[in-house]
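Report on the structure given below.
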Amino acid sequence: MDKKKEPLKKEKVAEDGLTKKERRALKVQVKKTEIQNVIQVNETIVENKPNPEKEKQKQNVSHKTNDTPNDPPVSGKLLSDKELRKLEWEKKLTDQKTKELESVKALSKAELKAKRREQQESQRSAKTSSKVEPTPTKTPSVNIKQSKTEPKKSPVQKQIIRKTIPIQRVQLVQHLYIDNSSESNDKNSILHNKVHPAFVRLGTQYSNKNVLGSNARCLALLAALKQLVDNLQTPPKQEFCRYLETVLKSCTNYLQNCRPLAVSMINALRNFNLQLTQIDTNLNDNEKRIKLQDVIDIYINDDIRKAGEAISMRVREKISDGDVILTYGCSSLIRKILLEAHKDEKKFEVIIVDSRPLLEGKEMLRRLVVAGIKCSYVLINALSYVMNSVTKVILGAHALLTNGYVMSRIGTAQVALLARAYNKPVLVCCETYKFSERVQTDSFVYNEIGDADLLRTTHTSETESPLSKTKDMNKLMPLNLLYDVTPPDLVTAVVTEIAILPCTSVPVVLRIHADEST
Amino acid sequence: MHDKENLSDVSKLVSDIKHKNILSSLDIALRSEDLLKELISQGQWKSARELMNLVKIRIQYIKENLPHEATAANVMRHVLKVIREEYECESKRKVEGQSLHQLVTAHPADVLDYSESLINLKTSLIDHLTEYKVELESSGENIAAQASEHIHMDEIILTVGKSDTVEKFLKSAAKVRAFKVVVVEAAPLYYGHKMAVSLAKSNIQTTVISDAAVFAMMSRVNKVIIGTHTVLANGGLRAASGIHAVALAAKHYSVPVMVLSHMYKFTPLYVGSHNQEAFNICASPANVIPYSAGKILNSIQVFNPVFDYVPPELVTLLISHQGGNAPSYVYRLLSELYHQDDYDI
């Protein structure tokens, strides 16, 4: 029962995150209209409000234009009131933007400091102006302060503007883009408050795609979690587990901002949180630490390592001499299976199918060739050329959904489709810890969007892509989705550590898991 | 020796195609047509039969040297039919259709042997060829003119790589309809990038996706519009590699697949996908994995096939300048284009 409640909560958080974003965007919008109403008297920023996307850009622009008219000293109560509001608004904008910038690239410490100072300054100025408000004699000092801060801001702003303008969005998947501006608001505060350095590092590793693949991502998360548990010092009058919960929450929020969590990570965290609630409160902090470390170790060992080994054993039984196995991309589990099957002295060939823009298959190719397995390498367009000679298709998965759909790296569905067209068996290998309660029937409702600029390049040919010079073309948008879902009728069987199952057994496995853990 | 000299025109054409001096199929068709016009007006022939032999030798030469090139041979094959028709017309012995009765009762002496030397044959042939050339040149526009019949407002259309015919078609539709285009980039040659830029420049909302995203995208696509290399006799296609997967995904989501094709791409040839060696060619693997990859290249196989076979059941409609037809009707179009006896040269 508990187990069932947990997932609901989890999903709510994710959904809330979205709505919060929207709410915040709305607030900004409202505020802006207010300000505009006030400003309209003197200044001419009379613009009708278009869609939020354009609005953001316009905010940048209008912000810039605001700077200059602000400079000449103004006096009078009416104006100072206006000014105050403007200041507040401005501050908000700068906050927003500095964070935006941050999400794009990690700032050096010096920059960070400068920014913080700037923030403080603007805050201070806001305060003084509010205090000063009724006395017109002091307004000039405020203005002086303002003009001091202005030149400092400008270099940062320029960078921001350059960064924000080329953001183009494909209408169809607009909901999938991460809104950096509002999201990073709390990120900044987290950065200075609670996020453990291990998680900060992890976050950059995720966003730079240094750690790829749902298994690797989950293991890295658990390692960071262990470190967190180890280093966490409970502040006075707080219970260890409760405090850990709140810290962990801000950490995961931070990670979510870097890159949406993988299903494997969500499940691992859920398991950890469940154990956290069940821990004996009478233990002292150190005992709790050891216990929690154990929980994580057991999870890594049982649900990930041993599950992988069990799957490997099952699939190896299915590989026979003379097989030609086709695999797609680079799945750590598949690689392990193939390497172990090779160690068993099975004689088989592997065809590695790869696709742009990540070209993960090259890594797979390298590792298998080093081990001495006979390999062929093709891009995904050549699938139907090689499919005829294939005897088995073995694929990895990102997650298995309750309705039997397989969520995996983009292109997996296409491989399965072609295998079906040529009547080749498709085995999907997936540990049960990657099973998810989510249901999904298309690849748009929930997905992740990668760096679209990767599609503006050509990886192998010497000539430059004509797309590389078209960033300012608003009619042309590359779309780089990271996942797709494969319908269950294209999958012959799913190999799990429990058994080889049809896709439709996912809810059954989930139910058994839920029963076990309560 | 005499033979070699005669073939210099066609060998020039073949080498130009091989060296990619002429790229688009339309140019190849026009060049072949010019070649034949030259042959008819200047060539050493007395009767229709001799002329037909000259043309057949050229078709054979092309077949030997460029087994995958269909356009040039198809144009010549069509001209063969033109020669036959003109001859029949001139000799006033035109057989009105071939009913079963006529076939059975035909006397061996009635069968045309095209050996008669006719005075007007040359001029009427040249006239006919000039007409044919106009038809070739306007074919693209004629196909594009049908665009508004096939595209409605606010559609999402998926296309693969770059095809001149498709480009014209979409741009012509964009004049009267607002729609979005999804372009598959078609790695490793990335013609899709060029196509996308060209479409975006004519103010069409364009999205570029990688080859892997086709299945994911297909659920939102209303129509697939593609070009092809050849249309085979069974209505199947020999198209750029990757299109088979696109067509399968379209079938999976019941999205109609429309193939734009000039008439000269219809080929009286049956090939199955099972025989990839006869059907396909592999381009240099350097585009798939660069030579700079190093030692690993010694121990792996890399394939870079150029074509895909698309079975006719995955094709919804073939659109030529005469209008749309189902793939099951291709056999009939072929018999209109070419003479039965010339199918297999």
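The values are calculated or read from the model by the stated rules, or taken from the named source; none is laboratory data. Predicted model, so just to flag it, every value in this text is computed and none were measured. All Cβ positions, even for glycine, are placed from backbone atoms using ideal geometry, and neighbour counts span all protein chains on display.
When you scan the range A:293-309, do you find a residue that is over 20 Å from A:ASN215 (Cβ atoms), outside the structural domain of A:MET407 (by TED's automatic domain parsing) and part of a helix (DSSP H, G or I), even just one? Yes, the conditions are met somewhere in the range A:293-309. So which residues in the range B:12-56 are in contact (Cβ under 8 Å) with a residue 40 or more places away in the chain, more than 23 Å from B:ASN120 (Cβ to Cβ) and surrounded by fewer than 15 Cβ atoms within 10 Å (Cβ to Cβ), if there are any at all? Selection gives B:LYS18, B:SER24. Just one residue in the set B:VAL257, B:VAL288 is more than 13 Å from chain A (Cβ to nearest Cβ), of a type in the set (A, V, I, L, M) and over 22 Å from B:TYR343 (Cα atoms); that residue is B:VAL257.
Going by what's in this entry, would A:ARG366 be described as part of a loop (DSSP other than H, G, I, E, B) and at the interface with chain B (Cβ under 9 Å from one of its Cβ atoms)?
no
Given (1) under 22 Å from the mean Cα position of the chain (by Cα); (2) surrounded by fewer than 15 Cβ atoms within 10 Å (Cβ to Cβ); (3) not β-branched (Val, Ile, Thr), identify the lone condition not met by B:LYS175. Unmet condition: (1). In the set (1) in contact with a helix residue (DSSP H, G or I) (Cβ under 6 Å, 6 or more places away or on another chain); (2) modelled with pLDDT under 90, the condition left unmet by B:ILE151 is number (2).
Tell me yes or no: at least one residue of the range B:216-236 is within 11 Å of chain A (Cβ to nearest Cβ), without any contact (Cβ under 8 Å) to a residue 12 or more places away in the chain and outside any strand (DSSP E or B). Checked against the condition, which is being within 11 Å of chain A (Cβ to nearest Cβ), without any contact (Cβ under 8 Å) to a residue 12 or more places away in the chain and outside any strand (DSSP E or B), the range B:216-236 yields at least one hit.
Looking across the range A:295-351, the residues that are within 17 Å of A:LEU427 (Cβ to Cβ) and of a type in the set (Phe, Trp, Tyr) come down to A:TYR328, A:PHE348.
Residues that are small (Gly, Ala, Ser) and in contact (Cβ under 8 Å) with a residue 60 or more places away in the chain within the range A:323-352 comprise A:GLY329, A:SER331, A:SER332, listed in sequence order. Looking across the range B:149-187 at every residue that is part of a helix (DSSP H, G or I) and among the hydroxyl-bearing types (Ser, Thr, Tyr), the one that is nearest to B:VAL259 (Cα to Cα) is identified as B:THR165. The single condition from (1) within 14 Å of chain A (Cβ to nearest Cβ); (2) modelled with pLDDT of 90 or more that B:SER320 fails is (1). Taken over the range B:23-47, the residue count meeting the criterion of being modelled with pLDDT under 85 and of a type in the set (A, V, I, L, M) is 1. In the range A:371-388, the residue that is farthest from the other protein chains (Cβ to nearest Cβ) out of those that are assigned to a helix (DSSP H, G or I) and among the small types (Gly, Ala, Ser) is A:ALA371. Checked against (1) more than 14 Å from chain A (Cβ to nearest Cβ); (2) within 23 Å of B:SER25 (Cα to Cα), B:ASP341 passes all but condition (2).
Of all residues in the range B:188-215, those satisfying the criterion of being more than 7 Å from every other protein chain (Cβ to nearest Cβ) and either within 23 Å of B:LEU248 (Cα to Cα) or in a helix (DSSP H, G or I) (or both) are B:LEU189, B:TYR191, B:GLY192, B:MET195, B:SER198, B:LEU199, B:LYS201.
Being away from every other protein chain (no Cβ under 11 Å), in a helix (DSSP H, G or I), more than 30 Å from B:ILE156 (Cβ to Cβ) and modelled with pLDDT under 85 is not true of B:ALA293.
Restricting attention to the range A:389-402, does a residue exist that is under 18 Å from B:GLY242 (Cα atoms) and either surrounded by fewer than 18 Cβ atoms within 10 Å (Cβ to Cβ) or within 9 Å of chain B (Cβ to nearest Cβ) (or both)? Yes: one or more hits.
Do we find that A:SER384 is crowded, with 23+ Cβ neighbours inside 10 Å and under 26 Å from A:ASP451 (Cα atoms) in this structure? Reasoning before the result, please.
Values: crowded, with 23+ Cβ neighbours inside 10 Å: yes; under 26 Å from A:ASP451 (Cα atoms): no.
Answer is no for this residue.
Is there a residue being aliphatic (A, V, I, L, M), surrounded by fewer than 22 Cβ atoms within 10 Å (Cβ to Cβ), touching a helix residue (DSSP H, G or I) at 6+ places or on another chain (Cβ under 8 Å) and facing chain B (nearest Cβ under 10 Å) anywhere in the range A:443-466? Checked against the condition, which is being aliphatic (A, V, I, L, M), surrounded by fewer than 22 Cβ atoms within 10 Å (Cβ to Cβ), touching a helix residue (DSSP H, G or I) at 6+ places or on another chain (Cβ under 8 Å) and facing chain B (nearest Cβ under 10 Å), the range A:443-466 yields no hits at all.
Within the range A:416-428, the set of residues being touching a helix residue (DSSP H, G or I) at 6+ places or on another chain (Cβ under 6 Å), surrounded by 23 or more Cβ atoms within 10 Å (Cβ to Cβ) and either small (Gly, Ala, Ser) or more than 13 Å from chain B (Cβ to nearest Cβ) (or both) comprises A:ALA416, A:VAL426.
Among the basic types (Lys, Arg), more than 11 Å from chain B (Cβ to nearest Cβ) and without any contact (Cβ under 8 Å) to a residue 12 or more places away in the chain: does that describe A:ARG511? Show your work before the answer.
On the way: among the basic types (Lys, Arg): yes; more than 11 Å from chain B (Cβ to nearest Cβ): yes; without any contact (Cβ under 8 Å) to a residue 12 or more places away in the chain: yes.
Spelling it out, A:ARG511 is indeed among the basic types (Lys, Arg), more than 11 Å from chain B (Cβ to nearest Cβ) and without any contact (Cβ under 8 Å) to a residue 12 or more places away in the chain.
Selection of first residues in the range B:59-71 that are over 17 Å from B:ASN280 (Cβ atoms) and aromatic (Phe, Trp, Tyr) and of second residues that are part of a helix (DSSP H, G or I) and at pLDDT 85 or above, restricted to Cβ pairs under 6 Å at least 6 apart or on distinct chains, gives the following pairs, ordered by first then second residue: B:TYR61/B:VAL10. Within the range A:208-250, the set of residues being on the phi < 0 side of the Ramachandran plot and in contact (Cβ under 8 Å) with a residue 60 or more places away in the chain comprises A:LEU212, A:SER214, A:ASN215, A:ALA216, A:CYS218, A:LEU219, A:LEU222, A:LEU225, A:LYS226, A:VAL229, A:ASP230, A:SER250.
Taking the range B:197-216, which residues are touching a Lys or Arg at 6+ places or on another chain (Cβ under 9 Å) and among the small types (Gly, Ala, Ser)? Give the derivation first.
Looking only at the range B:197-216, we keep the residues that are touching a Lys or Arg at 6+ places or on another chain (Cβ under 9 Å), and these are B:197-208, B:210-212.
Those that are touching a Lys or Arg at 6+ places or on another chain (Cβ under 9 Å) and among the small types (Gly, Ala, Ser): B:SER198, B:ALA200, B:SER202, B:SER210, B:ALA212.
Being assigned to a helix (DSSP H, G or I), crowded, with 21+ Cβ neighbours inside 10 Å and at pLDDT below 90 is a property that A:LEU333 lacks. In the range A:258-278, the residue that is farthest from A:LEU221 (Cα to Cα) out of those that are part of a loop (DSSP other than H, G, I, E, B) and touching a helix residue (DSSP H, G or I) at 6+ places or on another chain (Cβ under 6 Å) is A:ARG259.
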